[in-house]
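Trainee: One structure, as structure tokens, below. Some questions next.
The values are calculated or read from the model by the stated rules, or taken from the named source; none is laboratory data. This is a predicted model, so every value here is computed, not measured. All Cβ positions, even for glycine, are placed from backbone atoms using ideal geometry, and neighbour counts span all protein chains on display. SASA here: full protein model, heavy atoms, side chains in, ligands and nucleic acids out. Shrake-Rupley method; radii C 1.70, N 1.55, O 1.52, S 1.80 Å.
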Amino acid sequence: MSDRITFRPAVGRDDASSATLRDRRRISTWLFVICFMLIGMIALGGYTRLTGSGLSIMDWQPITGIVPPLSHAEWERQFALYKTIPQYKILHDGFGLAGFQKIFWAEWTHRFWGRMTGLVLLLPLVWFAMTGALTKGLAARLLLFFVLGALQGAVGWFMVASGFDADSTAVEPVRLVLHLCCAFALYIPILWTALSVRAPKPAFIPATAPVVRTKRLLWCAVVLICVTIIAGGFTAGTHAGFVYNTFPLMDGHLVPQHYARLSPFWLNWFENVPAIQFDHRLLATLTALVIGVCVLCGLRTPQLGKAPQDALMLLGWAVLVQYALGVTTLLLVVPAWAGTVHQTWAAVLLTVAIVALHRMRGVGRV
């Protein structure tokens, strides 16, 4: 990820340096707000999935869909559409209008929040570009983020549409994971850009052996966090968290029975519930251990400096909280509040890891 982000102050300003600093602060604050809204999207997405709300809106209207039903007749029309899909017939037969409205509002809020996130990205982008606060390169990058965000909405509908298939009561796990991965693939570069705008010049850190080792461990931790999130998506999509609700053993076994019941073997990672849950547990434990080693190495390396060490310390606490949330969610058999918080904190954990990595980008750079 490039850190070479420059700014062009508007013509006629007396103090160019202070103007540039002011632009950086405004732009980075705006991008941090977008990051916060994206975490909110991830949280709302988790809640709609756990409450079975994601299939309640049967049509995709990117523009006019921002207006919810405003009359009883429109509510009846939306409810009639919902009655045509298998989820209603299999799970909610006899579901009243009041019950439908409850799940409808959850999904509508999720989509509304996504639209607002797009506007919060687009409108200030136009303003900053028109006032000369952005270089062409940064403006192009931010416009690309907007386009990718719009495509994420299309991916979301692609996911939802899979829940309308015959005998289906939920979306396909693969499409759910794709939607989740696209969300994080958009979130990470926006966060990195926000951090680089706020601090465009990295602080020099000598590339000693302990420093390089710590940075490599941190990179491993970031990769493991991402892979564990993907595994969590399959756990959610296959409802694997609703079985084997003990810890650390699974039905009395460290490795569950029937782990490799599918052939070819790799199918177990995506379709076999015992294997999916075990893999998520294993990856989470490995992630926590790697982060623990990384934190210990970082805190024993004074050459890193205070800012990277502080970030590593936060990362250590964050992974402990996330691990505890995961175990709690499992033992309580995935209540909506616990599952939502667990998914949201995964984004927070990844955020702290990215911040730590960003603060160490000056290793060996003069």
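Trainee: Check cross-link reach from residue 215 to the aspartates and glutamates: straight Cα distance under 15 Å, and skip same-chain residues fewer than eight apart.
Mentor: The qualifying aspartates and glutamates are 310.
Trainee: Suppose all protein chains stay in the model; what accessible area per residue would a 1.4 Å probe give for region 104-248, in Å²?
Mentor: 46 Å²
Trainee: Return the equivalent ellipsoid semi-axes of the chain as a descending list in whole Å, where each equals the square root of 5 times an eigenvalue of the C-alpha gyration tensor.
Mentor: 38, 31, 14
Trainee: Two decimals, Cα atoms only, Kirkwood Rh: what is Rg/Rh over region 103-249?
Mentor: 1.07
Trainee: Mind giving me the FRET efficiency for residue 174 and residue 76? R0 is 41 Å, r the Cβ-Cβ distance, nearest 0.05 is fine.
Mentor: Calculated value: 0.75.
Trainee: Determine the gain in length on full extension of the stretch residue 348-residue 116; use 0.36 nm per residue of separation and subtract their C-alpha separation, reporting nm with one decimal.
Mentor: Extra length from residue 348 to residue 116 when fully extended: 81.4 nm.
Trainee: Quantify, in whole percent, the carbon and sulfur part of the accessible surface of the chain (1.4 Å probe; protein heavy atoms only).
Mentor: In the chain, the share of accessible area belonging to carbon and sulfur is 70 percent.
Trainee: P(r) of region 16-90 in 10 Å steps, Cα pairs, percent per bin?
Mentor: In whole percents, the pair-distance histogram is 15, 28, 25, 14, 11, 6, 1.
Trainee: Related question: Around residue 363, which amide H atoms from residues at least 5 apart in sequence, or from another chain, sit under 5 Å from its own amide H, with H modelled in the peptide plane?
Mentor: Amide H to amide H, under 5 Å and 5 or more residues apart or across chains, residue 363 pairs with 205.
Trainee: Kirkwood-based Rg over Rh for region 203-355 (C-alpha set), two decimals?
Mentor: Rg/Rh: 1.04.
Trainee: Once the convex hull of the alpha carbons of region 48-138 is built, what does its volume come to per residue, in cubic angstrom?
Mentor: 120 Å³
Trainee: Which FRET efficiency value, to the nearest 0.05, is calculated for residue 90 and residue 158 with the Förster distance at 22 angstrom and r the Cβ-Cβ distance?
Mentor: It comes out at approximately 0.50.
Trainee: Quick one: what are the phi-derived ³J(HN,Hα) couplings along region 287-297, Karplus 6.51/-1.76/1.60 with θ = phi - 60°, whole Hz, x for glycine and proline?
Mentor: Those phi angles translate into 4, 4, 5, 5, 5, x, 5, 4, 5, 4, 5 Hz.
Trainee: Rounding to the nearest 20 debye, state how big the charge dipole of the chain is about its Cα centre with +1 on each Lys and Arg Cβ and -1 on each Asp and Glu Cβ.
Mentor: With Lys and Arg at +1 and Asp and Glu at -1, about 1640 debye.
Trainee: Based on alpha-carbon atoms only, what is the radius of gyration of region 305-366 relative to the globular estimate 2.2 N^0.38 Å?
Mentor: 1.40
Trainee: Under the rule of -39500 (n - 2.57) per DSSP H run of 4 or more residues, summed and divided by the residues of the chain, what mean residue ellipticity at 222 nm is obtained, to the nearest 500 deg cm²/dmol?
Mentor: -23500 deg cm²/dmol
Trainee: As I understand it, the dipole of the chain uses +1 on the Cβ of Lys and Arg and -1 on the Cβ of Asp and Glu, about the Cα centre. Which of 292, 85, 39 lies farthest toward its positive end?
Mentor: Toward the positive end, the furthest listed residue is 292.
Trainee: Over the Cα atoms of region 188-281, Rg to Rh with Kirkwood Rh, two decimal places?
Mentor: Result: Rg/Rh = 1.18.
Trainee: With r as the distance between the Cβ atoms of residue 242 and residue 265 and R0 = 25 Å, compute the FRET efficiency 1/(1 + (r/R0)^6) and round to 0.05.
Mentor: Approximately 0.55, to the nearest 0.05.
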